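The values are calculated or read from the model by the stated rules, or taken from the named source; none is laboratory data. These numbers were taken from a predicted model, which means no experiment stands behind them. All Cβ positions, glycine included, derive from the backbone under ideal geometry; neighbour counts span all protein chains shown. Remember, those area values only see protein heavy atoms, side chains included, never the ligands or the DNA or RNA. Shrake-Rupley method; radii C 1.70, N 1.55, O 1.52, S 1.80 Å.
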There are 2 protein chains.
Amino acid sequence: MIPAMTSDASPDASPDASLDDLAATDPGQALARFAAGLRPEHIPAAVMRRAEDLFLDWFASVLAGKGARAVEILARVVAAQGPADGPAEILIHRRGSSPWVAATINAAASHVAEQDDVHNGSVFHPAAVVFPVALALAQARGASGRALLAAAVAGYEVGIRVGEFLGRSHYTVFHTTGTAGTVAAAATAGHLLGLDAAQMQHAFGSAGTQAAGLWEFLRDAADSKQLHTAHAAGAGLLAAELAQAGFTGARRIFDGAQGLAAGMSRDALPARLADGLGRRWALAETSFKFHASCRHTHPAADALQALLREHALAADAVAAVTTRVHQGAIDVLGPVTDPQTVHQAKFSMGTVLGLVATQGQAGLLEFDTRFRAPEVVAFRDKVTMALDPEVDAAYPARWIGKVEVRTTDGRTLQARVDEPKGDPGNTLSRPELEDKALRLAAYRDGASPAEVRAVIARCWALEADPRVGRLLPEA
Amino acid sequence: MIPAMTSDASPDASPDASLDDLAATDPGQALARFAAGLRPEHIPAAVMRRAEDLFLDWFASVLAGKGARAVEILARVVAAQGPADGPAEILIHRRGSSPWVAATINAAASHVAEQDDVHNGSVFHPAAVVFPVALALAQARGASGRALLAAAVAGYEVGIRVGEFLGRSHYTVFHTTGTAGTVAAAATAGHLLGLDAAQMQHAFGSAGTQAAGLWEFLRDAADSKQLHTAHAAGAGLLAAELAQAGFTGARRIFDGAQGLAAGMSRDALPARLADGLGRRWALAETSFKFHASCRHTHPAADALQALLREHALAADAVAAVTTRVHQGAIDVLGPVTDPQTVHQAKFSMGTVLGLVATQGQAGLLEFDTRFRAPEVVAFRDKVTMALDPEVDAAYPARWIGKVEVRTTDGRTLQARVDEPKGDPGNTLSRPELEDKALRLAAYRDGASPAEVRAVIARCWALEADPRVGRLLPEA
């Protein structure tokens, strides 16, 4: 927890005192009013700094998606539907197009390296759907860095609350980043377009009624994850543009009798929709990814890494590993028993632990080159997952990692990690973020070190940037 | 029922005899294989003729959407994201753009006049999502009329079966035309792009994971219905384009453990997915709309019209009307008690019956000019809906209309209609369709009578058309 960002740290933290009353009767309307009314001066400086951190981290994640088959296909198909040039930057191709085209493609690229951020409580990856929209519209409208950051904060605050609202049953079938992400993208776009509260609510309605994304693709290692972020960003952006032009949406899209929760959740939590608006900054609760894998593997990976270091154990001294996990990890990772692709391997608990144990880390390069190496496969097959009541009860607010290792010489060792690396209480420093950005940009030759350093410098001064232009030199 | 179209009327009706075996184990794969393998020569001539009928009826429905606020807003917003010109025709504006832009806008325009077709068993409006995609891609690829028609048949056969598969619980919250429609659009596009069976299955996966559309908007008379068809057409078209380029989707998007039915239905019927492939032609089961209102009102409207004629009753001789309906009618129409807009009035059972009783019909003009006329409102308030076990049990295979009228002089009269006007057994003739097309085109000045007659002539010879070009002269 970061007290400075979750209390009333701002001089004008609650822009609209009536929001709390409204939240009790119509939380969706309260959320829309908050998103529309949020001004940069309401946002604590520490939250603005964290938004800059997240923007850099997102930018680098996009570059790491360059060249990925699914991303390049989607980029080609979507770009062909748009204009040959335009104000919004397709980062992996260094050319411009319309905001919908650029946001869609950048969103697809955001999520493939599995290095983009995650909010634990909502199990939602905000950056992948928020920043593509914020950047595209800021570029198209000549907006300032301050406007971009405030719009991103609106997107995070809305999307995270919608994800929490949809509950755990939703996540068992739906990819929250696709569903809540559509509304997050609409909030971001709506803020940059200057929607009023009523228009914002219409934008939420048009976004929510397009919310989609099913986990079924995981079983086949199909490309849908990239499509989900692309779709969310594109549909959310259009929803806000539509609202600005007078197109209306359902007023109670979240909690109405035929709304999102009615159709796609069995345990929705209406109180979460408008939880602590203007006081709690959910953006600051967002975690950076350290391992290049599905976040559900990280607590166990950190715990195993700590255990191996503490006991100076080598991989071949391990006979069996039991990871004690929450049900969500079993739902998402359980189907992946023999990963056939790098991307699928990122959803294999055994592979992730095998990389940590045999390669020392589970980074992008380790996945690419070693996910099916014999020693990794051998370790993978020693790993099982077991539901742990304490871990499950704490989830998703806290992602506890517990592992139990049986050694070849008969010992049983245990380790736990209460906050995985990258979580708010164990976050990445700006030098660590810069290092990660340089590595992600170099991974697929997305940008040169000098280009990344120039973007880093712009990020750390983003709030003072009078006009967000292109981030990279044109192709 | 139309025996000629639902039996083995074609010389080569079953293109792939192994489909029945596959249907039992993996109906989604069977459906994809059918859609990919469907050749024009497999399709009975009567089905091709009916597809031409449906194409004309759709074209006119689009023109009737011209000038509608929601449609024009959506057209402006979407067109701004695409190129300023292109091969695919935006019918209401007579200019070209990319296929995604044109299909999206034409789909939005299809559905606003509530005059487009409906398939009873799936409660799905196929034309609104199938033909926008078929026309846009046929124009972009210089395809023949025969190719367009075969692609449309593929789209109808797939979409209707997916709608039936999703079951009645789905329709209580989701607008099937938005959800099943996304897959129907992908099947149509995939057929025109010449996808093989594996690619078609990937297209279904990418479409299904974008399937969306909630009924919540009805409560507010919001504009989402137009967004749903637009979204379905656009997302389905992109899904097929992606599959052609190698993008993969979930193999069991329909019946997988985290697929469409798992997330969005409680009573899915897997056997319906591949029901009678190559033998049953679901396209020929589709109904044309006669009244300009939600289809759920039509059986009762026909029954009331028959009753008033039979007994020579005037509207003011009616003291009360009870319509005996299926649960779906109550779900969709129940929330609309005091319609504030023309569009909402089309979902008001009382208003529809009031127009029939006081104006003689419930056509586009009657809605526009009289939906809040005092005599219509007075009649509306005499109308109630009651669940009828027989009607409910027959639905959705048959849409029975039953009304009970209490007269001001104390009589109780009853009437029933077993097949509403426009249903396959009570269909519109080609002269009736031509008359309807001319009326729809004139309604918002979408095209001149001479222009419509030229399109009619092309429709009746569509299968022989070597290359589908623009349908209307450029603006």
Which of the following residues is at positive phi and either surrounded by fewer than 24 Cβ atoms within 10 Å (Cβ to Cβ) or touching a strand residue (DSSP E or B) at 6+ places or on another chain (Cβ under 6 Å) (or both): B:67, B:96? B:67
On the given criteria, is residue A:271 surrounded by fewer than 24 Cβ atoms within 10 Å (Cβ to Cβ) and not in a loop (DSSP other than H, G, I, E, B)? yes
Among A:220, A:196, which is the only one that is away from chain B (no Cβ under 12 Å) and acidic (Asp, Glu)? A:196
Whichever residue in region A:165-182 is open to solvent by less than 10 Å² (accessible area, probe 1.4 Å) and under 15 Å from residue A:270 (Cβ atoms) and, among such residues, is nearest to the other protein chains (Cβ to nearest Cβ): A:170
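Here's the yes/no breakdown for (1) buried (at least 19 other Cβ atoms within 10 Å of the Cβ); (2) within 29 Å of residue B:438 (Cβ to Cβ):
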site: B:351; (1), (2): yes, yes
site: B:366; (1), (2): yes, yes
site: B:373; (1), (2): no, yes
site: B:377; (1), (2): no, no
site: B:384; (1), (2): no, no
site: B:399; (1), (2): yes, yes
site: B:410; (1), (2): no, no
site: B:419; (1), (2): yes, yes
Tally the residues that are open to solvent by less than 10 Å² (accessible area, probe 1.4 Å) and over 12 Å from residue B:153 (Cα atoms), restricting the search to region B:23-54. 5
Close pairs (9 angstrom Cβ cut-off, 6 or more residues apart or separate chains): free of Cβ contacts under 8 Å to residues at least 60 places away in the same chain in region A:23-50, part of a helix (DSSP H, G or I) and open to solvent by less than 40 Å² (accessible area, probe 1.4 Å) anywhere: A:24/A:30
Is one or more of the residues making up region B:55-72 more than 28 Å from residue A:101 (Cα to Cα) and in a loop (DSSP other than H, G, I, E, B)? no
When every residue in region B:407-460 that is of a type in the set (A, V, I, L, M) and in a strand (DSSP E or B) is compared, the one modelled with the lowest pLDDT is B:417
Sole exception among (1) under 25 Å from the mean Cα position of the chain (by Cα); (2) without any contact (Cβ under 8 Å) to a residue 24 or more places away in the chain for residue A:338, by number: (1)
Is there a residue in region A:356-370 that is free of Cβ contacts under 8 Å to residues at least 12 places away in the same chain, under 19 Å from residue A:342 (Cβ atoms) and among the β-branched types (Val, Ile, Thr)? yes
Can you tell me which residue is farthest from the other protein chains (Cβ to nearest Cβ) among those in region B:258-267 that are within 17 Å of residue B:29 (Cα to Cα) and either part of a loop (DSSP other than H, G, I, E, B) or open to solvent by less than 10 Å² (accessible area, probe 1.4 Å) (or both)? B:260
Of the residues in region B:447-456, how many are closer than 18 Å to residue B:145 by Cβ and open to solvent by 60 Å² or more (accessible area, probe 1.4 Å)? 1
All but one of (1) at pLDDT below 95; (2) touching a Pro at 6+ places or on another chain (Cβ under 7 Å); (3) closer than 28 Å to residue B:249 by Cβ hold for residue B:38; state the number of the condition that does not hold. (1)
Considering only residues that are hydrophobic (A, V, I, L, M, F, W, C) and either open to solvent by 10 Å² or more (accessible area, probe 1.4 Å) or within 14 Å of another protein chain (Cβ to nearest Cβ) (or both), which ones fall in region A:275-293? A:290
Looking only at residues in region B:217-243 that are at negative phi and part of a loop (DSSP other than H, G, I, E, B), which one is surrounded by the most Cβ atoms within 10 Å (Cβ to Cβ)? B:223
Looking at B:274, B:292, B:300, B:282 in this structure, which one is modelled with pLDDT of 95 or more and over 20 Å from residue B:36 (Cβ atoms)? B:300
Helices (runs of 4 or more DSSP H) wholly inside region B:294-400 containing at least 1 residues that are touching a strand residue (DSSP E or B) at 6+ places or on another chain (Cβ under 9 Å) and outside the structural domain of residue B:223 (by TED's automatic domain parsing): B:298-310, B:327-333, B:349-359, B:374-380, B:389-394
Residue tally, condition at the interface with another protein chain (Cβ under 7 Å from one of its Cβ atoms) and open to solvent by less than 10 Å² (accessible area, probe 1.4 Å), over region B:244-255: 4
Residue satisfying all of: in region A:117-151; farther than 19 Å from residue A:466 by Cα and among the polar types (S, T, N, Q); surrounded by the fewest Cβ atoms within 10 Å (Cβ to Cβ) among these: A:120
Of B:143, B:109, B:147, B:134, which residue is modelled with pLDDT of 95 or more, not in a helix (DSSP H, G or I) and not acidic (Asp, Glu)? B:143
